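Input: a single structure, listed below in structure tokens.
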Amino acid sequence: MDAQAYEAVIGLEVHAQLLTQSKAFCGCPTTFGNAPNTNVCPVCLGMPGTLPVLNRNLVEFILRMGMATNSTITGSSIFARKNYFYPDLPKGYQISQYEEPMCSNGSIEIEAEDGSRKNIGITRIHMEEDAGKLIHDAGSGTLVDLNRCGVPLIEIVSEPDIRSPREAYLYLWKIRQLVTYLEICDGNMEEGSLRCDANVSVRKKGVSEFGTKTEVKNMNSLRNVERALEFEINRQIALLADGKEVEQETLLWDADANTTHSMRSKEEAHDYRYFPDPDLVPVCVDEGWKNTVRAQLPELPSHRRSRYLESLGLPRYDADVLTAEKEIADYFESATAALSHLNGKQRNENAKVVSNWVMTEVLRVVGEKRISIRNFAIQPSRLAGMISLIQSGMISGTIAKQVFEEMLTDSDEAKAIVGKKGWVQVSDTSAIEQAVVEVLSANQSQVETFLSGNEKVFGWFVGETMKKLRGKGNPKLVNEILREKLNAKHIS
Amino acid sequence: MAVTLIDVEYVAKLARLSFSEDEKEQLTHQLNDILKYMEQLNSLDTTNVEPLAHVIELKNVFREDEVRNGVSQEEALKNAPAASGEFFKVPKVIGPR
């Protein structure tokens with residue numbers, strides 16, 4: 001089988017759960033994790049005679065996404081009923097959009113690891129409501145929790161422009177980055193705030209018609225999307241290479257078994273009989289409204305990234321890590337600003353040192369504790385305070401790591417902690433000289449080894465001297481004085 | 001574009017309705033009558049008429065994004081044919097494996 005002879009054609013449908021306070025068409029809270037069936041009212045329970053009224057923020061949020069993806073905003077957008085029977089949907093239809101979706105013809109630019117760029121077209125972005133949650137492991141029946149029913153979603157439908165699992169990963173990563181920057185969705189795939197279904201087909205390279213596609217669902221992480229698509233593409237290529245046909249079906253990704261399962265139920269009649277929902281009136285967004293939303297858009301990640309590269313002079317890797325999430329970028333910028341305030345240097349002179357601390361220590365702890373950087377114990381200003389102590393020579397880089405650890409549980413400023421702990425760096429040359437002399441005289445044989453040309457022993461002397469200074473010796477001075485004293489022995 | 005018995009059975013199935021053979025026969029006629037009336041409407045020239053999305057000329061009716069209390073869990077479950085603890089209970093659904 002020559003897999004290279006085939007190419008994949010992938011389109012993604014991404015659902016983003018919006019961060020509104022209340023549901024799409026009623027005032028019930030959208031809070032996650034409340035007791036089952038407590039965030040409900042007659043509207044979202046689908047009681048007869050109720051009337052849905054659209055949440056204004058749903059429109060605001062989809063407009064942000066539409067503008068961030070350069071989509072066309074529809075002048076008069078309407079809602080439709082998507083009819084199907086399933087117990088997670090008490091009305092028997094989902095309020096969605098079919099004709100005249102709010103946004104269309106947008107695009108998102110992805111950038112591969114090698115720096116090459118590609119535009120992925122966005123067919124449409126529309127508003128809809130989420131369904132409830134079914135709990136299947138209940139013995140005789142299925143249990144239904146309708147708290148999520150009516151929570152607002154946007155669905156972002158891509159063109160079939162994606163050609164590899166990696167591109168799918170990058171596209172989805174970009175969407176997650178955008179929705180979090182726009183503060184319209186928390187982007188959490190594991191908890192289902194961002195969900196992705198894929199339409200996949202393969203064809204011989206050079207052929208312009210599409211092959212038969214399958215739909216893959218249940219991929220609840222970026223990594224799973226990549227793995228599931230790899231699996232499905234290989235499966236389809238193997239079928240075609242074998243002279244068999246791909247069957248059009250819906251597949252569920254099973255991450256544990258690294259395979260897909262066919263989903264036979266509910267699919268036989270894919271006839272949703274969409275029609276305009278008479279309960280809801282058109283949404284007409286005029287230029288004034290568009291301008292207001294556009295003016296309030298935050299700095300987009302791509303812009304922020306180029307600013308970090310160009311005006312802050314950060315390496316590409318740093319710019320990528322820092323701008324991956326808005327909260328990280330915000331943290332980094334606050335810390336850099338605070339440091340510039342303390343040491344009087346320009347931002348671009350401070351950016352790299354702050355970036356190093358954020359990328360290594362800060363993100364390590366945030367990752368270990370699985371918290372948002374917004375809730376990180378060391379606020380940007382305190383981090384800046386600590387870095388300024390290193391720069392002024394008050395503490396060494398080694399001690400700084402200890403101070404950092406301490407600051408995780410102690411809410412004092414770095415300076416106060418250093419004082420409390422007696423960690424001020426020894427830069428007093430006479431104290432260092434004394435320690436060096438003691439170390440050298442107590443270790444005559446090592447001195448001989450060094451003098452006979454074994455340079456490695458030097459590091460050992462540094463360590464011993466530092467031990468004597470209880471780790472607080474100014475490393476630069478320790479090195480200098482040691483070198484000086486040993487050289488003197490050489491000559492004598 | 002005449003409605004056949006098969007169309008009636010298909011639409012009935014989508015709507016989860018079941019009819020006797022006589023009823024199906026009757027519905028086939030009724031639906032055909034409706035379509036005939038639609039065809040009559042089709043004879044109108046609508047070249048320069050925008051499709052109507054809504055019968056009342058209203059647009060942009062919103063509520064502010066504010067939480068309002070709904071009903072209690074007890075009230076929510078009260079109308080359900082079956083409940084189990086804090087949940088609605090329905091016949092077993094074949095879900096994702």
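Residues that are more than 7 Å from chain B (Cβ to nearest Cβ) and in contact (Cβ under 8 Å) with a residue 24 or more places away in the chain within the range A:40-49 comprise A:Val43, A:Cys44, A:Gly46, listed in sequence order.
May I ask you to list the residues in the range A:187-222 that are in contact (Cβ under 8 Å) with a residue 24 or more places away in the chain and among the charged types (D, E, K, R)? Within the range A:187-222, A:Glu190, A:Glu191, A:Arg195, A:Asp197, A:Arg203, A:Lys204, A:Lys205, A:Lys213, A:Glu215, A:Lys217 meet the criteria.
Checked against the criterion of being more than 9 Å from every other protein chain (Cβ to nearest Cβ), on the phi < 0 side of the Ramachandran plot, in contact with a His (Cβ under 9 Å, 6 or more places away or on another chain) and not basic (Lys, Arg), the candidates B:Val93, B:Val49, B:Val8, B:Val3 yield just one match: B:Val3. Tallying residues that are touching a Leu at 6+ places or on another chain (Cβ under 6 Å) and away from every other protein chain (no Cβ under 14 Å) within the range A:76-115 yields 1.
Here A:Ser96 qualifies as surrounded by fewer than 20 Cβ atoms within 10 Å (Cβ to Cβ), assigned by TED's automatic domain parsing to the domain that holds A:Ala16, within 14 Å of A:Phe25 (Cβ to Cβ) and touching a strand residue (DSSP E or B) at 6+ places or on another chain (Cβ under 6 Å). Right, A:Asp320: of a type in the set (Asp, Glu) and either open to solvent by 70 Å² or more (accessible area, probe 1.4 Å) or touching a strand residue (DSSP E or B) at 6+ places or on another chain (Cβ under 6 Å) (or both) or not? The answer is no for A:Asp320. None of B:Glu50, B:Glu64 is of a type in the set (D, E, K, R), farther than 30 Å from A:Gly132 by Cβ and free of Cβ contacts under 8 Å to residues at least 24 places away in the same chain except B:Glu50. Restricting attention to the range A:304-318, does a residue exist that is closer than 25 Å to A:His126 by Cβ and either out of contact with any Lys or Arg (no Cβ under 9 Å at 6 or more places or on another chain) or of a type in the set (Phe, Trp, Tyr) (or both)? No - not one qualifying residue is present in the range A:304-318.
Residues A:Leu297, A:Leu342, A:Leu309: which one is over 24 Å from the mean Cα position of the chain (by Cα) and surrounded by fewer than 18 Cβ atoms within 10 Å (Cβ to Cβ)? Spell out how you get there, then give the answer.
On the way: A:Leu297 fails: over 24 Å from the mean Cα position of the chain (by Cα); A:Leu309 fails: over 24 Å from the mean Cα position of the chain (by Cα).
Answer to the check: A:Leu342.
Checked against the criteria, A:Asn70 does not count as farther than 30 Å from A:Asn34 by Cα, in a strand (DSSP E or B) and away from every other protein chain (no Cβ under 14 Å).
Hey, any hits in the range A:193-202 for a residue that's touching a Gly at 6+ places or on another chain (Cβ under 9 Å), more than 19 Å from A:Gly106 (Cα to Cα) and of a type in the set (Ser, Thr, Tyr)? Within the range A:193-202, one or more residues are touching a Gly at 6+ places or on another chain (Cβ under 9 Å), more than 19 Å from A:Gly106 (Cα to Cα) and of a type in the set (Ser, Thr, Tyr). Applying the condition of being more than 7 Å from chain A (Cβ to nearest Cβ) and in a loop (DSSP other than H, G, I, E, B) to the range B:57-81 and asking which residue is farthest from A:Pro36 (Cα to Cα) yields B:Glu57. Across the range A:129-154, the number of residues qualifying as within 28 Å of A:Ala8 (Cβ to Cβ) and in contact with an Asp or Glu (Cβ under 6 Å, 6 or more places away or on another chain) comes to 1. Go through the range A:175-213 and give me each residue that's part of a loop (DSSP other than H, G, I, E, B) and either open to solvent by 70 Å² or more (accessible area, probe 1.4 Å) or not assigned by TED's automatic domain parsing to the domain that holds A:Thr260 (or both). The answer is A:Glu183, A:Asp186, A:Glu190, A:Glu191, A:Lys205, A:Gly206, A:Ser208, A:Glu209, A:Phe210, A:Lys213.
Quick grid of which residues meet (1) at pLDDT below 95; (2) open to solvent by less than 90 Å² (accessible area, probe 1.4 Å); (3) among the small types (Gly, Ala, Ser):
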residue	(1), (2), (3)
B:Ala2	yes, yes, yes
B:Ala15	yes, yes, yes
B:Leu31	yes, yes, no
B:Gln40	yes, no, no
B:Leu44	yes, no, no
B:His54	yes, yes, no
B:Val61	no, yes, no
B:Glu66	no, no, no
B:Asn69	yes, no, no
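At least 1 residues being over 28 Å from A:Asp186 (Cα atoms) and of a type in the set (Ser, Thr, Tyr) is the threshold, and among the helices (runs of 4 or more DSSP H) wholly inside the range A:236-352 those reaching it are A:326-343. When every residue of the range A:64-80 is checked against the conditions, at least one turns out to be open to solvent by 50 Å² or more (accessible area, probe 1.4 Å), assigned by TED's automatic domain parsing to the domain that holds A:Leu18 and under 18 Å from A:Val281 (Cα atoms). With the condition kept exactly as written, say whether any residue in the range A:55-63 is open to solvent by 40 Å² or more (accessible area, probe 1.4 Å) and within 9 Å of another protein chain (Cβ to nearest Cβ). Yes, because at least one residue in the range A:55-63 is open to solvent by 40 Å² or more (accessible area, probe 1.4 Å) and within 9 Å of another protein chain (Cβ to nearest Cβ). Is it the case that the range A:401-423 has a residue that's under 23 Å from A:Glu464 (Cβ atoms), at pLDDT 90 or above, in a helix (DSSP H, G or I) and not hydroxyl-bearing (Ser, Thr, Tyr)? Yes. Of all the residues in the range A:131-156, those that are surrounded by fewer than 18 Cβ atoms within 10 Å (Cβ to Cβ) and in contact (Cβ under 8 Å) with a residue 40 or more places away in the chain number 1. Restricting A:Gly106, A:Gly92 to those that are within 30 Å of B:Ala12 (Cα to Cα), out of contact with any Cys (no Cβ under 9 Å at 6 or more places or on another chain) and without any contact (Cβ under 8 Å) to a residue 60 or more places away in the chain reduces the list to A:Gly92.
The values are calculated or read from the model by the stated rules, or taken from the named source; none is laboratory data. Fair warning: this is a prediction, and the values are worked out from it, not measured in the lab. Note that we place each Cβ from the backbone using ideal geometry, even for glycine, and neighbour counts take in every protein chain shown. Calculation scope for accessible area: heavy atoms of the full protein, side chains included, ligands and nucleic acids excluded. Shrake-Rupley method; radii C 1.70, N 1.55, O 1.52, S 1.80 Å.
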